[in-house]
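The values are calculated or read from the model by the stated rules, or taken from the named source; none is laboratory data. It should be emphasised that the depicted structure is a prediction, and the values quoted were computed from it without experimental measurement. Cβ coordinates were reconstructed from backbone atoms using ideal geometry, including for glycine residues, and neighbour counts include every protein chain displayed.
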Amino acid sequence: MSMLTWDVFLPAQNRIASELRCILWAINSMLDIRLLDVEIWSDCGAAVQAINHPKYWPKYCSLVDRVRNACLRFRSHQVKLSLVKANTATQKIVKSVTHEGRVRSYLAQGGRTWLNTTIEDDRR
């Protein structure tokens, strides 16, 4: 099932539901560009727990099932918790995307001029 880009901008009941929808959108974007081995990182611990241990999060079973089923299309995948400060590149992309109203993948567009520099800084 395909997910429209605009779906991630619809109101959600809370941060966890919003994060799960964004993760699903990211997964579909990675599948669209045919990535096979992925790591999915989120700074929302509850969303990561819901994906990794769905039986403890029945309220989100519909979204979690969609995320987990989409992940089955990868050769390998991991869902991990990230510290907000650990990935400034992601934060800059998020701010740029929402500020500029961009909805297409940065990878599909070739990235921004500052993106490579920020990624290199995060590696250090």
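A few comments on the model shown:
- Selection of the range 24-53 for residues being in a helix (DSSP H, G or I), under 26 Å from Ala86 (Cα atoms) and not small (Gly, Ala, Ser) yields Leu24, Trp25, Ile27, Asn28, Met30, Leu31, Val48, Gln49, Ile51, Asn52.
- Condition check for Asn14: exposed (fewer than 12 other Cβ atoms within 10 Å of the Cβ) and polar (S, T, N, Q): yes
- Residue selected from the range 63-87 under the condition part of a helix (DSSP H, G or I) and closer than 18 Å to Gly45 by Cα, by the criterion nearest to the chain's Cα centre (by Cα): Val67
- Among the conditions (1) surrounded by fewer than 14 Cβ atoms within 10 Å (Cβ to Cβ); (2) outside the structural domain of Ala46 (by TED's automatic domain parsing); (3) modelled with pLDDT of 70 or more, the only one that Ser76 does not satisfy is (2).
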